[in-house]
Amino acid sequence: MFLVLSGRPFPGQGLLPLRAACEAGANAAHGAESAVRGVRYTADDDSTAGVAHYHIDTDRGPIRTPKLIVATGGLSIPKIGASDFGYGLARQFGLRIVEPRPALVPLTFDAPAWSPYAELAGLSLPVNIETGTKKSKAAFREDLLFTHRGLSGPAVLQISSYWQPGTPLRINLEQEEIPTHWYNVVADVVLDEDSHEVFRGDRRIDLAGTEYRLLRYFLLNPRRALTRAQILDHVWDYDFGGDARVLETYVSYLRKKLEAHGPRLVQTVRGVGYVLRDPLE
């Protein structure tokens, strides 16, 4: 087995056992300090008939291995060495790729277009921000930050994960139209962002911290099938390295409390994860 690291992989625990195995010599090696020029695959070769191998062309010479692991950095920060090396290999071998797109990023503008607003840099205020329509609509109430190059802050970083090129982005800056309390509502479930209270109908539901964050994330994405990885990343953190079964445990806790006062809202999507949906829709 040969492990190829490209750029700087996102912080996490998944690669550590693999690299440790390589360094311990457990029939494995890693090429973190070698430049890979190309990879090809053959069903067999002259020396080992009937055994498939990957042939890796590196600046330290050719390498042949029956198994190849490629762990690459993302495309978002090329300055730290991120590249599309992994995507290129995936396309080369005909693997299905979910087309990458920016997420959790600020909005930047050309200098001439932004110059009338450059003096507002540093100003922050709560806004209503939304994009899309009907089932594809996403809306948040968060703080918006003016920068020297454009817009940032939690509002823009959140909406960037849902905005699509060519789709209008609507921002309401008028303070008097922003309510004192902001509510997320699906079916008869109401989550009050300011007081951190949750109600189903006229019944208050007491939720622990993680249960509250889990429900909030579902409410921010109603009728959207969320993968387990997405939920773990947003409700826990991006460096989560524990047992992913913790998600099923907290979904069970949340369901028990919500279903004590009404029908099931958190539905299982087989092979994907979960979706929050009004059963009457």
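Bear in mind that the values in this text are calculations on the coordinates, not laboratory data. Every value quoted in this text rests on a predicted model; they were computed, and no experiment measured them. A quick note on method: Cβ atoms are made from the backbone with ideal geometry, for glycine too, and the neighbour counts reach across all protein chains shown.
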Gain upon complete extension [residue 64, residue 149; 0.36 nm per residue less C-alpha separation]
25.8 nm
Can you pull out the GluC sites (Glu not before Pro) in segment 84-168 that DSSP calls coil and that have at most 15 other Cβ atoms within 10 Å?
none
At R0 = 30 Å the Cβ-Cβ FRET efficiency linking residue 217 and residue 120, nearest 0.05, sits at 0.45
Coil-residue chymotrypsin sites (Phe, Trp or Tyr not before Pro) of segment 71-173, DSSP, other Cβ within 10 Å capped at 16:
93, 109
Ranked output for segments 98-107, 189-198 by mean other Cβ atoms within 10 Å, highest leading, reads 189-198, 98-107
Net length gained if the chain between residue 93 and residue 113 were fully extended (0.36 nm per residue, minus Cα distance):
2.9 nm
Residue 105 to residue 42: extension gain in nm, 0.36 nm per residue of separation minus the Cα-Cα distance?
18.6 nm
The set of residues whose placed amide H lies less than 5 Å from the amide H of residue 58, leaving out same-chain residues fewer than 5 positions away, is 37, 63
Segment 90-150: trypsin sites (Lys or Arg not before Pro) in DSSP loop, at most 14 other beta carbons within 10 Å
96, 137
Given a Förster distance of 51 Å, the FRET efficiency implied by the Cβ-Cβ spacing of residue 35 and residue 171, rounded to the nearest 0.05, works out to 0.65
